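The values are calculated or read from the model by the stated rules, or taken from the named source; none is laboratory data. Please read these numbers as outputs of a predicted model, since none were measured by experiment. Glycine gets a Cβ as well: all are built from the backbone with ideal geometry, and neighbour counts include every protein chain shown. What goes into the accessible areas is simple: the full protein's heavy atoms, side chains included, and nothing from ligands, DNA or RNA. Shrake-Rupley method; radii C 1.70, N 1.55, O 1.52, S 1.80 Å.
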Amino acid sequence: MSQISITLPDGSKRSFEAGITGLDIARDISEGLARKVLSAVVDGDIWDLNRSITEDAEVKFATWNDPEGQYTFWHSSAHIMAEALQRHYPGIKLAYGPPIKDGFYYDIDFGDHHFSSDEFPKIEKTFMELARSGEVFSRREVAKSDAVEFYKIKGNEYKVELIERLPDDETITFYDSGEFTDLCKGPHVPTSKVIKAVKLMKVAGAFFLGDDQRPQLTRIYGITFPKASELTEYLERLELAKARDHRKLGKEMELFTFSDLVGLGLPLWLPNGAMLRARLENFLKKKQADAGYLPVITPNIGKKELYETSGHWEKYGKDSYQPICTPHEGEEYLLKPMNCPHHCEIYKTKPRSYKDLPLRLAEFGTVYRYEQHGELHGLTRVRGFTQDDAHLFCRPDQLKEEFKNVIDLVLYIFSTLEFKDFSAQISLRDPENKTKYIGSDELWDKAEAAIIEASAEKGLKTVQVKGEAAFYGPKLDFMVTDALGRPWQLGTIQVDYNLPERFDLEYVGPDNHMHRPVMIHRAPFGSMERFIAVLLEHTGGELPIWLSSEQVAILMISDKYNNYAEKVLHELKKYDIRALIDERSEKIGRKIRDAEVRKVPYMLIVGEREEEMNLVSVRKHKEGDLGQVSIEAFAEMLTEDVKKSLKV
């Protein structure tokens, strides 16, 4: 039999007989790897371990600790759940069951059967019986006509439609496991015995193919793990996440709300939230001013032609808010989906010289993008949001330095707000589907090289992911891990050679000829809404003292010390300290407990002794009594805390 060359992740090559499986290659490397591996990644595609490799290929192995391994694990779990459901509810129609970020789901037409979360325990019991039985997932190719006939006999119109939507030349595969067969392209784990724990999480409604004009199905979510202890840890993290949910904290801290009458996905910022936003904005504005950024303001709408020029209408028009027609015939406007086209027009307001560059334009600009009802989620997925947007127009020889300076700004923000665990992802275009992007290969190659080189020179640890670029250029995305271990995409920096071309932006070079500037898009926060949501969940609402709406709670022993409390408040205001007096006729213990619940950083207790000696008794959140000090000494202590928090 002919030999094939297998390239491993470390770059080494090994020769094997054609037809060898991924599992055999893993076993050749080590028995330990063979015991842990769940699937093989062959030339970028995830394969079953028992699938034959017949040509030269690059191969890496996915375990539970790899995204591809979890994808495979949860894909197989969706099949086992479907098999368990079929045992209890004969005749149900399975539609679609993929792995997702945390687990898996299956969309099902239960027909005349009733299903609710009350049924979870018995399904979980059957699931584990099937898993322990050691079912093997077998892949087989079928002709399209045979696949359609198989599901027509079963009366499953959902699978029939899914098959008929596939191109005629696409390979169609079924997977058999035990008595269960499903339309599926894989991959799957070698045996169901690797699944040691399951939890069905919730049941919801979902329209077939996401179309609200199609039948509504029942969607069942679940998650599985290779160890029971990992399921326990996961459920504990979920409970912590509920306590830290930014929607819950936002209500308790009176930061924001939503109104059905105003519209879904359109947050209303309450006074505390508006002041929090203002402090974050002022924090960034100061750093931007120090770095030579110039503030601009642009309108919330723009002519449709503006976004046709930028390419946004072509790419996103059908999924955006539709044009606003004015009384003037043929005149159409759009709610602003992006700030960059407006900034390009600001650049063009006057001739530019190479000496004028870099030009750094910054705006906290509100944009609007239509999201489906089911995709909206608190502040993390909204229809109207404010970006801490800036666009840097520079010469090609300035690009790398400007890009590195923006990296420094992002890292400063993360450090100040104590996002200590983060990674950087270089998002590149998909080389197999270049139609999704605008611009020439030459410009894309330049832009991607600039990001890779700048990131390397800053010493960033990065991963490169193909297919994640914006349609107009590659980008550097910062992925932050919060206190609960969850990843969030926050800051982003993008290199763009395309918009300067589309808007015909130019500058006069030292040779007196016209040249095209390079554009950098950057938003360290990403959006104010999403950033605040992540910050709340990361801190559990215990914000850094410089961001706290209420830095100090002044608590009176009784009402007769109200005048002294007012004096303390007046003195603190001289130091720009944000303080409130708790004027309720409650016992001091209750006031202290309530201030702790509100996560107020400091409490000042005032009574007879404090008034006589012109002092305050200081308590710190979670730390307790710090003793008595003068008002001035306390103000200096808090001011020093703020400086440390801001790292100044």
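The table that follows gives values for the structure above.
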| item | result |
| --- | --- |
| Check on Asp24, out of contact with any Asp or Glu (no Cβ under 6 Å at 6 or more places or on another chain) and part of a helix (DSSP H, G or I) | yes |
| Any hit, the stretch 352-372, residues being within 17 Å of the chain's Cα centre (by Cα) and either more than 27 Å from Gly250 (Cα to Cα) or among the acidic types (Asp, Glu) (or both) | yes |
| Search result, residues across the stretch 506-537 that are open to solvent by less than 40 Å² (accessible area, probe 1.4 Å) and either part of a loop (DSSP other than H, G, I, E, B) or on the phi > 0 side of the Ramachandran plot (or both) | Gly509, Pro517, Pro524, Phe525, Gly526, Ser527 |
| Residue that is touching a helix residue (DSSP H, G or I) at 6+ places or on another chain (Cβ under 9 Å) and either open to solvent by 50 Å² or more (accessible area, probe 1.4 Å) or under 20 Å from Val41 (Cβ atoms) (or both), where the choices are Ser117, Ser76 | Ser76 |
| Condition met for Thr416 (modelled with pLDDT of 90 or more and under 30 Å from Glu233 (Cα atoms)) | yes |
| Residues located in the stretch 184-203, provided they are open to solvent by 40 Å² or more (accessible area, probe 1.4 Å) and farther than 30 Å from Ser52 by Cβ | Lys199, Met201, Lys202, Val203 |
| Wholly within the stretch 274-389, strands (runs of 3 or more DSSP E) carrying at least 1 residues that are charged (D, E, K, R) and within 23 Å of Asp496 (Cβ to Cβ) | 301-303, 359-368 |
| The lone exception for Gly32 - which of (1) of a type outside the set (Val, Ile, Thr); (2) assigned to a loop (DSSP other than H, G, I, E, B); (3) more than 25 Å from the chain's Cα centre (by Cα); (4) over 23 Å from Arg140 (Cα atoms) it fails | (2) |
| Ser440 being free of Cβ contacts under 8 Å to residues at least 24 places away in the same chain, open to solvent by less than 60 Å² (accessible area, probe 1.4 Å), out of contact with any helix residue (DSSP H, G or I) (no Cβ under 8 Å at 6 or more places or on another chain) and of a type outside the set (Phe, Trp, Tyr) | yes |
| Within the stretch 560-648, strands (runs of 3 or more DSSP E) holding 1 or more residues that are touching a helix residue (DSSP H, G or I) at 6+ places or on another chain (Cβ under 9 Å), free of Cβ contacts under 8 Å to residues at least 40 places away in the same chain and polar (S, T, N, Q) | 615-620, 624-630 |
| Contacts under 9 angstrom Cβ, first residue in the stretch 110-137 being without any contact (Cβ under 8 Å) to a residue 24 or more places away in the chain, partner exposed (fewer than 14 other Cβ atoms within 10 Å of the Cβ), 6 or more apart | Gly111/Gly91; Asp112/Gly91 |
| Answer from Asp625, Asp582 - the residue that is buried (at least 18 other Cβ atoms within 10 Å of the Cβ) and more than 29 Å from the chain's Cα centre (by Cα) | Asp582 |
| Of residues in the stretch 254-276 being closer than 25 Å to Lys647 by Cβ and in contact with an Asp or Glu (Cβ under 9 Å, 6 or more places away or on another chain), the one most open to solvent (accessible area, probe 1.4 Å) | Asn272 |
| Checking Val465 against (1) β-branched (Val, Ile, Thr); (2) within 30 Å of Asp582 (Cβ to Cβ); (3) touching a strand residue (DSSP E or B) at 6+ places or on another chain (Cβ under 7 Å), the condition it does not meet | (2) |
| Enumeration of residues in the stretch 461-497 that are open to solvent by 30 Å² or more (accessible area, probe 1.4 Å), more than 27 Å from His515 (Cα to Cα) and part of a loop (DSSP other than H, G, I, E, B) | Lys461, Glu468, Ala483, Gly485, Arg486 |
| Which numbered condition Glu230 fails, given (1) open to solvent by less than 70 Å² (accessible area, probe 1.4 Å); (2) assigned to a strand (DSSP E or B); (3) modelled with pLDDT of 95 or more; (4) not aliphatic (A, V, I, L, M) | (2) |
| Residues satisfying the stated conditions in the stretch 126-158, i.e. open to solvent by 70 Å² or more (accessible area, probe 1.4 Å) and more than 15 Å from Ser77 (Cα to Cα) | Arg139, Arg140, Glu141, Ser145, Asp146, Glu149, Lys152, Ile153, Lys154, Glu157 |
| Exclusive hit being at pLDDT below 95 and crowded, with 18+ Cβ neighbours inside 10 Å, set Leu334, Leu357 | Leu334 |
| Count - residues of the stretch 538-579 that are under 20 Å from Asp625 (Cβ atoms), open to solvent by 10 Å² or more (accessible area, probe 1.4 Å), more than 39 Å from the chain's Cα centre (by Cα) and not hydroxyl-bearing (Ser, Thr, Tyr) | 1 |
| Qualifying residue in the stretch 286-306 (condition: without any contact (Cβ under 8 Å) to a residue 24 or more places away in the chain and surrounded by 16 or more Cβ atoms within 10 Å (Cβ to Cβ)) | no |
| Pairs, first without any contact (Cβ under 8 Å) to a residue 12 or more places away in the chain in the stretch 1-30, second among the hydroxyl-bearing types (Ser, Thr, Tyr), C-beta under 8 Å, six or more apart | Lys13/Ser5; Lys13/Thr7 |
| Filtered residues of the stretch 382-402 (kept if closer than 30 Å to Ala533 by Cβ and not aliphatic (A, V, I, L, M)) | Arg383, Gly384, Phe385, Thr386, Gln387, Asp388, Asp389, His391, Glu402 |
| Residue identified as farther than 30 Å from Leu335 by Cα, of a type in the set (D, E, K, R) and surrounded by 14 or more Cβ atoms within 10 Å (Cβ to Cβ) among Arg247, Arg279, Arg219 | Arg219 |
| Selection count, the stretch 31-72, where residues are closer than 23 Å to Gly134 by Cα, touching a Ser or Thr at 6+ places or on another chain (Cβ under 7 Å) and touching a residue at least 40 places away in the same chain (Cβ under 8 Å) | 9 |
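Results for (1) within 24 Å of Asp559 (Cα to Cα); (2) over 34 Å from the mean Cα position of the chain (by Cα); (3) open to solvent by 50 Å² or more (accessible area, probe 1.4 Å), shown as yes or no for each residue.
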| position | (1), (2), (3) |
| --- | --- |
| Leu604 | yes, yes, no |
| His621 | yes, no, no |
| Glu636 | no, yes, yes |
| Val642 | no, no, no |
| Lys647 | no, no, yes |
